[in-house]
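S.K.: Got a structure for you, written out below as C-alpha cells; questions coming shortly.
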Amino acid sequence: MSNKLNIVLFGPPGAGKGTQSEFLIKQHGLVHLSTGELLRAEIKEETPLGMEAKELMDMGELVPDHVVIGMIRNCIEAHHNAPGFIFDGFPRTKAQAESLDSMLASKSEPITAMLALEVSESELVKRLLKRGETSGRADDKNEDVIRNRIREYEKKTAPLKDYYSAQGKYKGVNGVGTIAEITARLSSAIG
Ligand code: ADP
C-alpha cells in the first residue's frame, strides 16, 4: 500500500472544488493540480495550446483528452516527491480516468478516494453567474454557456461516479452549506 494521499475532487462546475482544494492542500500538504487553472495559464501566455483550448472553453465544451492528459503527466513527473496530489477538474472523461490510473499504477501510488461535491443545478447556475461578476472568466458570464458546461458534465463526467464506485473509492459529500461545514464533511470523508 502506498502512504500517499491522492484525491480526486469531483463535482459539476460551480460545486466548490477550487475553494475546498485550498483546505485540502493546507491540511495534507498536497500538490494541487487543476486542469482549468493550467489551461487558463496557457491562454494567458498565448501558447498554441492555449489558443486552441480557449475557443472550446468559451463555448463551455471540454478540451480534447490528449491535451489535458499531457499536462497532468508533466505535472505528476515534475512533483515526484510530493506527499500526494489533489486532482481538481480532472479526470472529466472515462479516457482521462483510465490514463490517470495507468500513470499512477506505474508509480504504485493509486487514487485514494474520489470526493464528489453534490449541488443542485439551480444552485450551480446561481453561483456561477455570481462568480462571473468578479472572476473575469468569459465562461461564467453567459447562462447558456454555464448550462452547456453542466450538460457536458452530466454527459461525459458524471459517469465517472460509476467508474470510481466500482473501485470502492466514490464518496458523495453534500456541497451545500457554509465553506466550513463542507470542509468538515470532506475531512470526515477522508477519515
Ligand atoms: P469549473 O470548475 O467551472 O468547471 P474549470 O476551471 O475546472 O471550471 O474548467 C474550465 C473549463 O476548462 C472547462 O469548461 C473545460 O472547457 C476546460 N477543462 C478543464 N479541465 C478539463 C478536463 N479535464 N478535460 C477537458 N476540458 C477541461
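S.K.: Compute the length gained on full extension between Ser102 and Asp144: take 0.36 nm times their separation in residues and subtract their Cα-Cα distance, giving the result in nm to one decimal.
M.R.: 11.6 nm
S.K.: Could you list, bin by bin from short to long, the percent of Cα-Cα pairs of the chain in 10 Å steps?
M.R.: Binned Cα distances yield the sequence 9, 37, 39, 14, 1.
S.K.: Pick from Lys161, Lys17, Lys26: which is most flexible by mean-square fluctuation in a GNM of the chain where alpha carbon atoms under 10 Å apart are linked?
M.R.: Greatest mean-square fluctuation among the candidates belongs to Lys26.
S.K.: Taking the convex hull of the Cα atoms, report for segment 42-100 its projected area averaged over all directions, in nm².
M.R.: Hull-based average projected area comes out at 4.6 nm².
S.K.: I would also like to ask the following. Show me, for segment 93-105, the HN-Hα J-couplings you get by feeding each phi into the Karplus relation (A = 6.51, B = -1.76, C = 1.60, θ = phi - 60°), rounded to Hz, glycine and proline as x.
M.R.: 9, 4, 4, 5, 5, 5, 5, 4, 4, 6, 4, 6, 5
S.K.: Send over a whole-number figure in Å² for the accessible area per residue of the chain, probe 1.4 Å.
M.R.: Normalised by residue count, the accessible surface of the chain is 50 Å².
S.K.: Cα gyration tensor of segment 11-79, axes a ≥ b ≥ c as square roots of the eigenvalues: rounded (a/c below 1.5), prolate (a/b > b/c) or oblate?
M.R.: oblate
S.K.: Full-extension gain between Arg151 and Ser187, please, as 0.36 nm times their residue separation minus the C-alpha to C-alpha distance.
M.R.: 10.0 nm
S.K.: Next question, about the same structure. Can you check what the net charge comes to around Asp162, using other residues whose Cβ is under 12 Å from the Cβ of Asp162 (Lys, Arg +1; Asp, Glu -1)?
M.R.: +3
S.K.: May I ask for the Rg/Rh ratio of segment 17-129, computed from Cα atoms with Rh as the Kirkwood radius, given to two decimals?
M.R.: When Rh is taken as the Kirkwood radius, the ratio is 0.96.
S.K.: If Lys and Arg each add +1 and Asp and Glu each add -1, what is the summed charge of the other residues whose beta carbon sits under 9 Å from the beta carbon of Gly11?
M.R.: Spelling it out: positives minus negatives among the neighbours equals 0.
S.K.: Sticking with this one: Only Lys, Arg, Asp and Glu count, each charged at its Cβ (+1, +1, -1, -1), so figure out the dipole size of the chain about its Cα centre, rounded to 20 debye.
M.R.: 520 debye
S.K.: How much net charge surrounds Leu33 when only other residues with a Cβ under 11 Å from its Cβ are counted (Lys, Arg +1; Asp, Glu -1)?
M.R.: Value of the local net charge: -1.
The values are calculated or read from the model by the stated rules, or taken from the named source; none is laboratory data. Model, not experiment: these values are computed from the prediction. Glycine gets a Cβ as well: all are built from the backbone with ideal geometry, and neighbour counts include every protein chain shown. Areas reflect the complete protein model, heavy atoms only, side chains present, ligands, DNA and RNA absent. Shrake-Rupley method; radii C 1.70, N 1.55, O 1.52, S 1.80 Å.
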